[in-house]
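I have placed the structure first, in the form of structure tokens, so that the comments after it can refer back to it.
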Amino acid sequence: FNLGEHAGYTGFLVAQMRVLPAIEARLMEGPHPPRWEERGRAAALASDLAALGVSSPRPVPMLALDTPAERIGAAYVLEGSRLGAAVQSRFVARSQPEAPRAFLDHGAGQSFWPEFLCWLETQPQEISDLAGMIAGSRATFAAFAHAFET
């Protein structure tokens, strides 16, 4: 998606919306890092789409994320994606200053990533299941890839 163009940016947000709310809902089952309710970005994403006059798309099939380790792997992907979102937000701001960026800017100025890493270290049993964490991460990336391809 070319985030420098209206259609590309809108498509990017639509693809995100096809996956993110379902993953965030699944992660509410825990375990999850502190301030989890504040970390959710689905509402910010919906706000951006509404500002663009786009209705919520049909979601992609839900991920299983059955084990705590799988959910931690998915949370790692979501939390890590904030780093890329900050870069994307600056690009969108330069190329489309009027474009809504609540989703990309969500959590700016917060200490979400360091808090997540500290919390992760307190989950010895779950992170000992490295295969489960990797499976959750891969499933999350695959769900986003599917949403971006369709």
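The values are calculated or read from the model by the stated rules, or taken from the named source; none is laboratory data. This is a predicted model, so every value here is computed, not measured. For neighbour counting, all protein chains shown are included, and Cβ atoms are generated from backbone atoms with ideal geometry for every residue, glycine included. These area figures cover heavy atoms from the full protein model, side chains too; ligands, DNA and RNA do not enter into them. Shrake-Rupley method; radii C 1.70, N 1.55, O 1.52, S 1.80 Å.
Here are some notes:
- Near pairs, Cβ below 8 angstrom, 6+ apart or cross-chain, from the stretch 110-126 (in contact (Cβ under 8 Å) with a residue 40 or more places away in the chain) to any residue that is of a type in the set (G, A, S): F116/A75; E126/A69; E126/G132
- Of all residues making up the stretch 79-105, the number that are in contact with a Lys or Arg (Cβ under 8 Å, 6 or more places away or on another chain) and of a type outside the set (D, E): 4
- Verdict on Q125 being farther than 22 Å from A143 by Cβ and in a loop (DSSP other than H, G, I, E, B): no
- Neighbours by Cβ (under 8 Å, 6+ apart or cross-chain): first from the stretch 4-27, on the phi > 0 side of the Ramachandran plot; second at pLDDT 95 or above and open to solvent by 20 Å² or more (accessible area, probe 1.4 Å): none
- The stretch 109-150, residues that are open to solvent by 50 Å² or more (accessible area, probe 1.4 Å), of a type in the set (A, V, I, L, M, F, W, C) and in contact with a helix residue (DSSP H, G or I) (Cβ under 7 Å, 6 or more places away or on another chain): W113, I127, I134, F141, F148
- Screening A102 against (1) open to solvent by 30 Å² or more (accessible area, probe 1.4 Å); (2) touching a residue at least 60 places away in the same chain (Cβ under 8 Å); (3) within 25 Å of T150 (Cα to Cα) leaves a single unmet condition, (2).
- Considering the stretch 1-99, the qualifying helices (runs of 4 or more DSSP H), each wholly inside and each with 1 or more residues that are under 25 Å from L120 (Cα atoms), modelled with pLDDT under 95 and among the charged types (D, E, K, R), run over 20-27, 36-39, 68-95.
- Residue selected from the stretch 62-89 under the condition without any contact (Cβ under 8 Å) to a residue 12 or more places away in the chain and closer than 21 Å to W113 by Cβ, by the criterion most open to solvent (accessible area, probe 1.4 Å): V87
- Pick from the stretch 22-61, criterion open to solvent by 60 Å² or more (accessible area, probe 1.4 Å) and within 16 Å of R101 (Cα to Cα), ranking: nearest to the chain's Cα centre (by Cα): A43
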